[in-house]
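The values are calculated or read from the model by the stated rules, or taken from the named source; none is laboratory data. Since this is a predicted model, take the numbers as computed values, not measurements. Because the Cβ atoms are built from the backbone with ideal geometry, glycine has one as well, and the counts that use them run over all protein chains shown.
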């Protein structure tokens, strides 16, 4: 790797965790790298490498600049960049200025930018508006979720970590019941490769683990800038487990004041009732009517099919430059980001073993033969009309396949 001079301008920011406003400055090192890198070469029009060319990378939202100078091979590399949108520029006496805009960097990626300087005055400029090809740092199988995806996709209690369930290669092994605001048990119940070993979680490059192989903190959706879920082939920095690796990056303040607020309401009586619940409800009424217990049948009809209750979850975020009138203006220098979320549940505790699966087309036709491949004993269906007494036991014949 060539020796390249660079300067890194990480911006300080203010974050809010657990409703406490903390002033923290971003660190130059992390347990797991979530930042990105821009690298490439600078050539002249004939393809020759140019040495000593200043290359400047600027974050479009904070105006923070990072600089590097090309080495003898014309190469440059600028690491430790927070994910976001960047502008890359290069200029040298006798050449037109080069500018590339709208370069999007994701979590833990490497973006290659090939710069070609044309002869001309520095007052002239060549501008390219296109995204550079982003190269994965490893051959891992992964999927990333942007902030727009995180906010657009529905999920319980606005918990962004639940999106990991939708990634190919992830197996969800929890019971599909209601999850509260900080239900880290249900949110962490995912596995890969058959559940060999635990998963690894990180937040802004810092381990986010709790006891019992669970995620420590579940960030609210609007505080998350990006989520990356890796299911196989991690690099050495993420080799602490044999399960999935889930990296989350939180938002930071920018030069613009931005905020949002949300409210989520959940009511079990608004959801479709499970077939097993319907069977128990209407089966009890039917049995009471068959036995002539009309009062019991009327009482059962007056009861709700599912227990009443509701849940409210609300939150708000705000970020921007720190500004104190006539004292300090933090534009391009110092930023803050504040978040708050809360919830209130008023409901009956749900049973944990409720079958919420949807019958397949074959099952609706009465064909359950596919279940025999899973367990030929547990899922074998017997014909009740063949029941007979043999050796003091009631035996039945299975339905023919």
I want to confirm something. Restricting to region 290-312 and keeping residues that are surrounded by 15 or more Cβ atoms within 10 Å (Cβ to Cβ) and in a helix (DSSP H, G or I), which single residue is nearest to the chain's Cα centre (by Cα)?
300
By residue number, the members of region 32-47 that are touching a residue at least 24 places away in the same chain (Cβ under 8 Å) and over 15 Å from residue 96 (Cα atoms) are 32, 33, 34, 35, 36, 37, 38, 39, 40, 41
If I ask for residues that are at pLDDT 70 or above and either in a strand (DSSP E or B) or under 16 Å from residue 167 (Cα atoms) (or both), which ones from region 229-249 would you list?
229, 230, 231, 232, 243, 244, 245, 246, 247, 248, 249
Residue among 193, 185, 174 that alone is part of a helix (DSSP H, G or I) and touching a residue at least 12 places away in the same chain (Cβ under 8 Å)
185
Just checking, does region 271-284 include any residue being part of a strand (DSSP E or B) and within 21 Å of residue 153 (Cα to Cα)?
no
Residues 265, 217, 257, 178: which one is modelled with pLDDT of 85 or more and closer than 26 Å to residue 307 by Cβ?
265
Regarding region 210-219, can at least one residue be identified that is farther than 28 Å from residue 312 by Cα and part of a loop (DSSP other than H, G, I, E, B)?
no
Going through region 144-171 in order, the residues found to be within 18 Å of residue 247 (Cα to Cα) and not in a helix (DSSP H, G or I) are 144, 145, 146, 159, 167, 168, 169, 170, 171
I need a count of the residues in region 344-390 that are under 30 Å from residue 181 (Cα atoms) and either in contact with a helix residue (DSSP H, G or I) (Cβ under 6 Å, 6 or more places away or on another chain) or modelled with pLDDT of 85 or more (or both).
2
Which residue, of 318, 300, is outside the structural domain of residue 84 (by TED's automatic domain parsing) and without any contact (Cβ under 8 Å) to a residue 60 or more places away in the chain?
300
Return the residues of region 97-122 that are farther than 24 Å from residue 143 by Cβ and either part of a strand (DSSP E or B) or in contact (Cβ under 8 Å) with a residue 60 or more places away in the chain (or both); say none if nothing qualifies.
97, 98, 99, 100, 101, 113, 114, 115, 116, 117, 118, 119
Residue match in region 90-100 (condition: over 30 Å from residue 250 (Cβ atoms), surrounded by fewer than 16 Cβ atoms within 10 Å (Cβ to Cβ) and either at pLDDT below 90 or over 22 Å from the mean Cα position of the chain (by Cα) (or both)):
yes
